[in-house]
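Trainee: To start, I am sharing the structure in question, which I have written as structure tokens.
Only the coordinates and a few stated rules stand behind these numbers; no lab work does. As the structure is a prediction and not an experimental result, all values here were calculated from the model. When we count neighbours, we look across all protein chains shown, and the Cβ atoms used for this are built from the backbone with ideal geometry, even at glycine.
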Amino acid sequence: MVRLRLDLGYDGTDFSGWARQPGRRTVQGEIEEALTRILRLPEPASLTVAGRTDAGVHARGQVAHVDLDEESLGQLDPRGGAPAGRAERLAALVRRLAGVLAADVRIFRVSVAPEGFDARFSAMSRRYAYRVCDAPGGVDPLVRREVVWHARSLDVEAMNAAAVRLLGEHDFAAFCKKREGATTIRELQRLEWVRDGRGLLVATVVADAFCHSMVRALVGSLMAAGDGRRAVEWPGEVLAAAVRDSGVHVAPAHGLCLEEVTYPAPDELATRAATTRRVRTL
């Protein structure tokens, strides 16, 4: 068996999220179907992803892995020619995937994963960006699928002052949809807003991992502080309460994009995966 790392991106608009669901179009389902078809696998391919994204959320730095029988890559050899090397086969797989997959999902690179690599558990951090337009006239139509319009003017300084109160390792239960048996303890490493050259407000959000709806709930609370509906101290007070707050509105999905997943050095991958698998406590 060989473990392959896939670096990929997608426009989440027309997907029902990452995770495979019966009767729905999902990113995982599309890629697994394409791999199974191209490599003529006897059993459907099964992907493990760095971070499952919700319906409508985009990614340009997503990472997944798949375990395959080395012989299945022989399907990528030139017809009638000598067997190709592994690097040639993987390059051919990228080209074949580009020809089979719809234009809203792309596999940028396929490589043999180092020993101990796990796309999900070996990850050190995930970096998301959330993009908002608060211009009175609304969002540029050409970027409407990735930028959310907020009808009120937003104060970047106020949002950053509120964000500082959320940094560090905490129980983010107030900003997560609880899942049975899953912890809501996370380490929020970076949460910062800037106004870019186009006038858009862009939040950079980095954590070791995120629980369900966490990024969008954090963004929603900070925008409430940024437009004056809530005090700057309010998001921190919600965090301290550690219970889901009905006042926290989850921001729309289409403004969110997974930008990057980082991993440790190859010789630390297995150790990182083992650490991540432990249930955390404060």
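Trainee: Can you divide the C-alpha Rg of segment 223-282 by 2.2 N^0.38 Å and report the result to two decimal places?
Mentor: 1.69
Trainee: Going 7 Å from the Cα of residue 135 toward and past its Cβ, which residues in segment 198-226 have a backbone nitrogen under 14 Å from where you end up?
Mentor: Inside the label zone: 198-201.
Trainee: In debye, nearest 20, what is the charge dipole magnitude of the chain about its Cα centre with +1 on Lys and Arg Cβ and -1 on Asp and Glu Cβ, if you could check?
Mentor: On the way: 39 positive and 37 negative charges, 83 e Å.
Computed about the Cα centre, the dipole is about 400 debye.
Trainee: Now for a separate question. Is segment 144-268 rounded, prolate or oblate when judged by the Cα gyration tensor, a ≥ b ≥ c being the square roots of its eigenvalues, rounded requiring a/c under 1.5 and prolate requiring a/b larger than b/c?
Mentor: oblate
Trainee: Magnitude of the Cβ-charge dipole of segment 2-112, K/R +1 and D/E -1, about the Cα centre, nearest 20 debye? Write out the running numbers ahead of the final one.
Mentor: Numbers: 16 positive and 15 negative charges, 40 e Å.
About 200 debye.
Trainee: With 10 angstrom as the radius, rank 10, 263 by how many other C-beta atoms surround their C-beta, starting from the fewest. Before the final figure, lay out each step's value.
Mentor: Details: 10 26, 263 20.
Neighbour counts put them in this order, fewest first: 263, 10.
Trainee: Apply 1/(1 + (r/R0)^6) to the Cβ-Cβ distance of residue 1 and residue 189, taking R0 = 45 Å, and write down the FRET efficiency to the nearest 0.05.
Mentor: 0.85
Trainee: What is the spin-label model distance, in nm, from residue 169 to residue 182 if the labels are put 7 Å beyond Cα along the C-beta direction?
Mentor: 2.1
Trainee: Let me ask something else. Sort 193, 234, 149 so the one with the fewest other Cβ atoms within 10 Å of its own Cβ comes first.
Mentor: 149, 234, 193
Trainee: Compute the length gained on full extension between residue 87 and residue 157: take 0.36 nm times their separation in residues and subtract their Cα-Cα distance, giving the result in nm to one decimal.
Mentor: My answer for the length gained is 20.3 nm.
Trainee: Then there is this: For a Förster distance of 45 Å, can you work out the FRET efficiency between the beta-carbons of residue 281 and residue 198, rounded to the nearest 0.05?
Mentor: About 0.55, to the nearest 0.05.
Trainee: Once you measure Cβ to Cβ distances between cysteines in the chain, which Cys have no partner under 4.7 Å?
Mentor: Cys with no partner Cβ under 4.7 Å: 133, 257.
Trainee: Okay, next question. Please report 121, 15, 108 as a ranked list, fewest other C-beta atoms within 10 angstrom at the top and most at the bottom. Spell out each step's value before the answer.
Mentor: Values: 121 18, 15 24, 108 14.
If I rank by nearby Cβ atoms, fewest first, I get 108, 121, 15.
Trainee: At 7 Å along the Cα-to-beta-carbon direction for both residue 265 and residue 246, put a label point, then send me their distance in nm to one decimal.
Mentor: About 5.3 nm, to one decimal.
Trainee: Sticking with this one: What is the antiparallel percent of DSSP beta bridges lying wholly in the chain, to the nearest 5?
Mentor: Working: 42 of 46 bridges.
So the antiparallel bridges amount to about 90 percent of the total.
Trainee: Ok, one more. 7 Å from Cα along Cα→Cβ at both residue 24 and residue 67: what's the point-to-point distance in nm?
Mentor: Taking the simple label geometry, residue 24 and residue 67 are separated by 2.7 nm.
Trainee: Put +1 on the Cβ of each Lys and Arg and -1 on the Cβ of each Asp and Glu in segment 88-143; which of 139, 99, 125 then has its Cα farthest toward the positive end of the dipole?
Mentor: After comparing all options, I get 99.
Trainee: Also: Multiply the residue separation of residue 145 and residue 112 by 0.36 nm, subtract the distance between their alpha-carbon atoms, and state the gained length in nm to one decimal.
Mentor: Result for the pair: 8.5 nm of gain on full extension.
Trainee: Continuing with the same structure: In nm, what is the difference between 0.36 nm times the number of residues separating residue 233 and residue 100 and their Cα-Cα distance?
Mentor: 42.9 nm
Trainee: Right, here's the next one. For semi-axes √(5λ) of the Cα gyration tensor in Å, which listed value, [x] 37, 22, 15; [y] 34, 21, 17; [z] 51, 19, 16, comes from the coordinates shown?
Mentor: Label [x] holds the value from this structure.
Trainee: How big is the gap, in Å, between the Cα center of segment 213-282 and the Cα center of segment 145-177?
Mentor: Measuring centre to centre over Cα atoms gives 9 Å.
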